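Only one structure is covered here, and it is reproduced in the block below.
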Amino acid sequence: MIETKNWQKRISPVVESVPPSGIRRFFDIAAEMDDVVSLGVGEPDFVTPWTIRESCVYGLEQGFTSYTANRGLLELREEICRLQERSFGISYDPKKHVLVTVGVSEALDIAMRAILAPGDEILIPEPCYVSYKACATLAGGVPVPVAAKIENDFRITPDDLEPFITEKTRAMLIGYPNNPTGAILSRKDMEALASFAEKHDLIVISDEIYGDLTYAGEERVCFASLPGMQERTILLNGFSKAYAMTGWRIGYAMSNPAIIDAMTKIHQYTMLCAPITAQIAAVEALRHGEKYMKKMVSEYDKRRRLIYDGLQKIGLKCFEPKGAFYIFPDITSTGLTSEEFAEKLLLKEHVALVPGTAFGECGEGYVRCSYATSVEKISEALARIEHFVNHI
Ligand code: PLP
């Protein structure tokens, strides 16, 4: 028997101070059950399009099994820069402004480590993706959560952020389209945030991993494309969500050379490089994957409308998501807390979703449902949720 007791006190206090992800606990319970319908994981139910998989198989056949340059294959960096140019009209230099990372997860981690000195503060609008605050803390920084309000469609504004500015504020992190709310920011919203960033001389980390998943004819705006924002922004994006490539672990960061050099320094000592197989596949995704991606996005849009209408019919109020593949219904009418709702629903009806509190304190009163699953499963989950809500 291997002891844990004596070793627990040897764990770094910084690591101890970070709670485990609020998402996993429910999956551990769900894993023990039969017939669970899961709206829990934020993971596409599609497999990676064949052309992308095939390019990797072909690469392996040709013997591409080595390390790559720390910054990633130049070919991939060039494709990433072309994508920004054709989508948003912004020019990046593939040799100076891009770092290929092991998913946006690594990019988030090393971006924070590159820019936060001990005690530096970073503004983080909530509810938000579970890693943001943890990465800031692990980097030695201080995450400062700022609640985005439902009255404002979960958008964040300078008025929300201004009271949290101190002389230690160095950066802010925006993640839109948002996980878990599905909120997006309009060009006007982003322009207001750009002026705010300029006024307080903040670096902006913009996590745009769900950028391609923008619905309802809404404009997709890239924060770095706003006047004056390109060099101030660390633009993060990846392939996990839009191209159904979660398991490949591939993403990228784009910014000014000082920040990219600093991030590359951390990356070269810790990761060395992203897997070559995933980099080859990512090149193919950018060259020939767009039509497959668009098909998946239109499928998500169908599911989005199904789940939005279904939850409303059940009587759970919700904000209509405009991006990503999540919906964030208000469950306060049931009299249960978010945790109670998620736990009871799982135990009684075998439907897994995530309590809103996993995404910040202001997520109390909400739960997150992912609709990156089939229409049949969403319909079944809605029927079970209705039964649950009517029998509390
Ligand atoms: N950013 C957001 C907002 C996410 O929801 C996720 C994954 O769920 C990630 C980043 C991590 O993505 P990757 O698979 O590229 O590491």
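The values are calculated or read from the model by the stated rules, or taken from the named source; none is laboratory data. Small disclaimer: the values here were computed from a predicted structure and weren't measured. Virtual Cβ from ideal backbone geometry, glycine too; neighbours counted across all protein chains shown.
Identify, by number, the condition in (1) modelled with pLDDT under 95; (2) surrounded by 18 or more Cβ atoms within 10 Å (Cβ to Cβ) that LYS149 doesn't meet.
(2)
Return only the number of the condition from (1) surrounded by fewer than 18 Cβ atoms within 10 Å (Cβ to Cβ); (2) of a type outside the set (Ser, Thr, Tyr); (3) within 30 Å of GLN230 (Cβ to Cβ) that ALA31 does not satisfy.
With (1) surrounded by fewer than 18 Cβ atoms within 10 Å (Cβ to Cβ); (2) of a type outside the set (Ser, Thr, Tyr); (3) within 30 Å of GLN230 (Cβ to Cβ) applied to ALA31, the lone miss is (3).
How many residues are assigned to a loop (DSSP other than H, G, I, E, B), β-branched (Val, Ile, Thr) and loosely packed, with under 15 Cβ neighbours inside 10 Å when one looks only at segment 46-71?
Qualifying residue count, segment 46-71: 2.
State whether one or more residues within segment 323-336 are assigned to a helix (DSSP H, G or I), closer than 30 Å to ASP212 by Cβ and of a type in the set (Ser, Thr, Tyr).
No: segment 323-336 contains no residue that is assigned to a helix (DSSP H, G or I), closer than 30 Å to ASP212 by Cβ and of a type in the set (Ser, Thr, Tyr).
Which of (1) modelled with pLDDT of 95 or more; (2) among the small types (Gly, Ala, Ser); (3) farther than 25 Å from ILE276 by Cα does GLY72 not meet, given it meets every other one?
(3) is the only condition that GLY72 fails.
Please state which one of MET33, MET1 is within 30 Å of ALA352 (Cα to Cα), among the aliphatic types (A, V, I, L, M) and either outside any helix (DSSP H, G or I) or out of contact with any Gly (no Cβ under 6 Å at 6 or more places or on another chain) (or both).
On inspection, the qualifying residue turns out to be MET33.
Going through segment 90-135 one residue at a time, which ones are near the ligand (Cβ under 8 Å from one of its atoms) and surrounded by fewer than 20 Cβ atoms within 10 Å (Cβ to Cβ)?
Matches in segment 90-135: SER105, SER131.
Looking only at segment 307-331, count every residue that is away from the ligand (no atom under 16 Å from the Cβ) and surrounded by 15 or more Cβ atoms within 10 Å (Cβ to Cβ) and tell me the total.
12
For (1) polar (S, T, N, Q); (2) within 14 Å of the ligand (Cβ to nearest atom); (3) buried (at least 19 other Cβ atoms within 10 Å of the Cβ); (4) closer than 30 Å to PHE328 by Cβ, each residue gets a yes or a no:
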{"site": "ALA224", "(1), (2), (3), (4)": "no, no, yes, yes"}
{"site": "PRO227", "(1), (2), (3), (4)": "no, no, no, no"}
{"site": "THR233", "(1), (2), (3), (4)": "yes, no, yes, yes"}
{"site": "PHE239", "(1), (2), (3), (4)": "no, yes, yes, yes"}
{"site": "GLY251", "(1), (2), (3), (4)": "no, yes, yes, yes"}
{"site": "ASP261", "(1), (2), (3), (4)": "no, no, no, no"}
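Please count how many residues of segment 136-154 are more than 28 Å from LEU99 (Cα to Cα) and within 16 Å of the ligand (Cβ to nearest atom).
Summing the residues that are more than 28 Å from LEU99 (Cα to Cα) and within 16 Å of the ligand (Cβ to nearest atom) in segment 136-154 gives 2.
Only one of these is within 16 Å of the ligand (Cβ to nearest atom), touching a residue at least 24 places away in the same chain (Cβ under 8 Å) and assigned by TED's automatic domain parsing to the domain that holds GLY217: LEU185, LEU161, LEU202. Name it.
Step by step, each of LEU185, LEU161, LEU202 is checked, and only LEU185 is within 16 Å of the ligand (Cβ to nearest atom), touching a residue at least 24 places away in the same chain (Cβ under 8 Å) and assigned by TED's automatic domain parsing to the domain that holds GLY217.
Checking SER87 against (1) surrounded by fewer than 18 Cβ atoms within 10 Å (Cβ to Cβ); (2) in contact with a helix residue (DSSP H, G or I) (Cβ under 7 Å, 6 or more places away or on another chain); (3) assigned by TED's automatic domain parsing to the domain that holds VAL130, which test does it fail?
Of everything listed in (1) surrounded by fewer than 18 Cβ atoms within 10 Å (Cβ to Cβ); (2) in contact with a helix residue (DSSP H, G or I) (Cβ under 7 Å, 6 or more places away or on another chain); (3) assigned by TED's automatic domain parsing to the domain that holds VAL130, SER87 misses just condition (2).
Output the number of the condition that ALA274 fails; it satisfies all remaining conditions of (1) within 15 Å of the ligand (Cβ to nearest atom); (2) small (Gly, Ala, Ser); (3) farther than 11 Å from ARG71 by Cα.
Result: ALA274 fails condition (3) only.
Of everything in segment 166-181, what is within 16 Å of the ligand (Cβ to nearest atom), part of a loop (DSSP other than H, G, I, E, B) and closer than 20 Å to GLU121 by Cα? Give them in sequence order.
Within segment 166-181, GLY175 is the sole residue that qualifies.
I'd like to check something: does segment 345-355 contain any residue that is modelled with pLDDT of 95 or more, more than 16 Å from ASN178 (Cα to Cα) and assigned to a loop (DSSP other than H, G, I, E, B)?
yes
Within the bounds of segment 72-83, is there any residue that is among the β-branched types (Val, Ile, Thr), more than 16 Å from the ligand (Cβ to nearest atom) and either surrounded by fewer than 19 Cβ atoms within 10 Å (Cβ to Cβ) or in a helix (DSSP H, G or I) (or both)?
There is no residue in segment 72-83 that is among the β-branched types (Val, Ile, Thr), more than 16 Å from the ligand (Cβ to nearest atom) and either surrounded by fewer than 19 Cβ atoms within 10 Å (Cβ to Cβ) or in a helix (DSSP H, G or I) (or both).
Could you tell me whether VAL41 is touching a residue at least 24 places away in the same chain (Cβ under 8 Å), within 16 Å of the ligand (Cβ to nearest atom) and part of a loop (DSSP other than H, G, I, E, B)?
For VAL41, the condition - touching a residue at least 24 places away in the same chain (Cβ under 8 Å), within 16 Å of the ligand (Cβ to nearest atom) and part of a loop (DSSP other than H, G, I, E, B) - is met.
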